[in-house]
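The values are calculated or read from the model by the stated rules, or taken from the named source; none is laboratory data. Only a predicted model underlies this, so the values are computations on that prediction, with no experimental measurement involved. Neighbour counts run over all protein chains shown; Cβ positions are idealised from the backbone, glycine included. SASA here: full protein model, heavy atoms, side chains in, ligands and nucleic acids out. Shrake-Rupley method; radii C 1.70, N 1.55, O 1.52, S 1.80 Å.
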Amino acid sequence: MVIIFDIMLDLQNMQQKMNVRLEQSWLALLKNEFEADYFKSLVTFVREEYSSQIVAPKPNQIFRALDLCPVDNVKVVVIGQDPYHTLKGYRANGLAFSVNVQDQIPPSLRNIYTELENDLGQKLSNSGDLTSWAEQGVLLLNATLTVRAGQAGSHQNKGWELFTDAIISKLSEVKDHLVFILWGSYARRKSGLIDKNKHKIIESAHPSPLSAANGFFGSKPFSKTNKWLVENNLEPINWII
């Protein structure tokens, strides 16, 4: 792990320095991004937010999706929008759509589980923690990696989208036979960053309760993903939590 920047937090009037780290392979792939002016401005913004506001996820989880899934391991990319901005019931843990083991399962993730059970015909546990997916090569990437508590979208248009778009573009360039799962109109707009001649794109409505019935249910993204991986001599994902 390499330190990208540090954050000073005031925890009950006691300052604590938190180092934000990143796995080495991503540091190499994204070297130009870390040197760009937009990223330097983003770091300043993020530091100020964590020092003065309640922000999710925890500082050491900002790059957790990348840390758990080094570049060489990536086989599937699932694109979310923002971390969960709630602090009770369920909380962001650095992986798109995922929560901590002891947390309630959020509505969108519950619909993902419903589709997974219908697609694969197997019952899931009651855990909303998707760490096992990440460790198998599923990059659970939010377009924006931080958010102010209680304010959805509060860290959009600060530079995170430029950074995560670069991740998608770089993966499309340097990897072969990836699966990109794009749920909802926001994620589907990222398709222009992906080389469709060598990667598989699976698109549908978002799993949100507001849209899941409009094309997410019945889309079978999990079996389609594994079919593609097997066809390209890659190990399928064990989706069962």
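How large are Rg and Dmax for the stretch 1-83 when calculated on the C-alpha trace, in angstrom?
13.8, 44
Enumerate the helices in the chain for which the Kyte-Doolittle hydropathy averages 0.0 or more and the C-alpha atoms extend at least 18 Å along the helix's axis, using complete DSSP H runs.
Working: long enough: 37-52 (23 Å, -0.43); 107-120 (20 Å, -0.75); 160-174 (21 Å, 0.52).
Helix filter hits for the chain: 160-174.
From the protein chains alone at 1.4 Å, what is the descending order of accessible area for His199, His177, largest first?
So, going from the largest accessible area down, we get His177, His199.
Over the stretch 1-232, give the accessible area per residue in Å² for a 1.4 Å probe, as an integer.
For the stretch 1-232, the solvent-accessible area averages 46 Å² per residue.
Return the whole-Å distance between the Cα centroid of the stretch 10-83 and the Cα centroid of the stretch 87-138.
Rounded to whole Å, the Cα centres lie 21 Å apart.
Taking every DSSP beta bridge that has both residues in the chain, what percent is antiparallel when rounded to the nearest 5?
45
With a 1.4 Å probe and all protein chains left in place, how much of the accessible area of the stretch 1-232 comes from carbon and sulfur atoms, in whole percent?
After summing per-atom areas, the C and S share lands at 47 percent.
Skipping prolines and chain starts, which residues have an amide H placed within reach, meaning under 5 Å, of the one on Asp6, given they are 5 or more residues away or on another chain?
Placed amide hydrogens put Val20 under 5 Å from Asp6.
Where does the chain land at 222 nm, in deg cm²/dmol rounded to the nearest 500, when only DSSP H runs of n ≥ 4 count, each adding -39500 (n - 2.57), divided by all residues?
-9500 deg cm²/dmol
Apply the Debye scattering formula to the stretch 1-232, with a single equal point scatterer on each alpha-carbon and no solvent, then give log10 I(q)/I(0) at q = 0.11, 0.16, 0.17 Å⁻¹.
So the normalised log intensities work out to -0.54, -1.18, -1.33.
Let me check I've understood the local charge: for Asn238, count other residues with C-beta under 15 angstrom from its C-beta, Lys and Arg +1, Asp and Glu -1. What total comes out?
Here the charged neighbours net out to -2.
Please report, in whole Å³, the volume per residue of the convex hull around the C-alpha atoms of the stretch 96-241.
Dividing the Cα hull volume of the stretch 96-241 by its residues yields 118 Å³.
Can you list the HN-Hα couplings for the stretch 130-142, worked out from phi with the Karplus curve (6.51, -1.76, 1.60; θ = phi - 60°), rounded to whole Hz and with x for Gly and Pro?
9, 4, 5, 5, 4, 5, 9, x, 9, 7, 8, 9, 7
Quick one: work out Rg over Rh on the C-alpha atoms of the stretch 68-160, Rh as Kirkwood radius.
With Rg and the Kirkwood Rh in hand, the quotient comes to 0.97.
Which percent of Cα pairs goes in each bin when the distances of the stretch 192-236 are cut into 10 angstrom slices starting at zero?
Per 10 Å bin, starting at 0, the Cα pair percentages come out as 25, 41, 30, 4.
May I ask for the net charge around His199, where only other residues with Cβ less than 10 Å from the Cβ of His199 are counted and Lys, Arg are +1 while Asp, Glu are -1?
+2
Cut-off 10 angstrom, C-alpha nodes, Gaussian network model of the chain. Which of Gln81, Gln122, Gln156 fluctuates the most?
Looking only at Gln81, Gln122, Gln156, the largest GNM fluctuation is found for Gln122.
On alpha carbon coordinates alone, what is the Rg over Rh value for the stretch 145-223, Rh being the Kirkwood radius? Please list the in-between numbers first.
Details: Rg = 14.3 Å, Rh = 14.1 Å.
Across the stretch 145-223, the Cα-based Rg/Rh ratio is 1.01.
Below 17 Å Cα-Cα, how many Lys pairs turn up in the stretch 77-206? Only count pairs eight or more apart in sequence, or on different chains, if you could.
10
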